[in-house]
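I have placed the structure first, in the form of C-alpha cells, so that the comments after it can refer back to it.
The numbers here are math on the coordinates, done by the rules we state, and not lab data. The structure displayed is predicted, hence computed values, not measured ones. All Cβ positions, glycine included, derive from the backbone under ideal geometry; neighbour counts span all protein chains shown.
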Amino acid sequence: MAPNKQNDREARQARERLRAYQARQTVHEAKARRRVRDNWLAGIGVLVVVVLAVLTQLLYFNTGPGKPVASPSPSAAAYTLPPKTLAANRQWTGTMTINDIPLGISLDGAKAPQAVSSTIALSQKGFYNGLSCHRLTTSGIYVLQCGDPKGDGSGGPGYSYGPIENAPTNNVYPAGTLAMARSSNNANSQGSQFFIVYKTSTIPSDTAGGYTVIGKVTSGLDKLISEVAAKGVQGGTTDGKPNVTTTITGITVQ
C-alpha cells in the first residue's frame, strides 16, 4: 500500500477512535451529572421529609396538644381545682368508656398528684360525661385528644394549673400513655383536656418542658385504634376531628 494511503487510513482510524472515545466520555459525563443531580434531589427529598416531620411535631405542639383552658366554659363555673392531696399518693384504677369501648386505666397519684387529683375530681363530678374527643393525629405523633367541653380545643373546667409533673425526660410517650394537654410554652395551662397516645410517639418538649403523664390505658387500646384511630381524620388530613364521632361516655376511678 502506498505510504500516503496508509497514512490517510491510520489518520481516519485515529479520528474515528477519538470520536468514539469522545462519545463515550460524553455519555459518561452525562451519567455522572445525572447521578449527582439524582443524589442531590434525593438528599433534598430526605431533608424535606425530615423537616416536614419536625415541623409537623412542632406545629402540633405549638398549638397544643389542643389549646386547653384558653377561656373558662360557662358550664364549668362550679368546678374548682382540688388539692393535690386528693390523689392520696397512690395508684387509682378504673374505666374510661369511649364510644362504648371500655378502656381500663391506671392513674399514678404519686408521680402526678395535682394532675391526677384534678382528673379524679372532674371524673367523680361527671364533668367528662358526654364530652367529645375533638382531635386525632395520625402522622409522626399518634394521639387522640379529649376532655374539652367546647369541643374545639379551647375549653376547660374553669381553672388551670401547673407545674408539669412526671414528663418523660427523653420525650418518648409509649403507646397507652395518658397525659395532660396544655398550651405551648405554658406549664400552668393544664385543665381538663388530656390525650391518649395510641402508638408510641416522640413529642418534643418546648420551653415549659414536656407533658404531664397521669397514667396509662391498661386494656382496650386495640379496639380504640381499630374503631376510631384507624378510621382517620376528617378531610383526609393527619390532624383534626376524627372521621368517627368520638364521645366519652364516662370515667370511673377508685
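Overview of values
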{"item": "Subset of the stretch 159-182 [assigned to a loop (DSSP other than H, G, I, E, B) and closer than 16 Å to Thr200 by Cα]", "result": "Ala167, Pro168, Thr169, Asn170, Asn171, Pro174, Ala175, Gly176"}
{"item": "Selection count, the stretch 136-167, where residues are more than 28 Å from Gly236 (Cα to Cα) and within 18 Å of the chain's Cα centre (by Cα)", "result": "1"}
{"item": "Pair list, Cβ < 8 Å and 6+ apart or interchain, from the stretch 82-101 residues that are among the acidic types (Asp, Glu) to residues that are assigned to a strand (DSSP E or B)", "result": "Asp100/Thr249"}
{"item": "Given (1) over 22 Å from Lys199 (Cα atoms); (2) part of a loop (DSSP other than H, G, I, E, B), number of the condition Gln114 does not satisfy", "result": "(2)"}
{"item": "Looking only at the stretch 190-209, and only at residues there that are surrounded by fewer than 23 Cβ atoms within 10 Å (Cβ to Cβ) and over 13 Å from the mean Cα position of the chain (by Cα), the one that is farthest from Asp100 (Cα to Cα)", "result": "Thr207"}
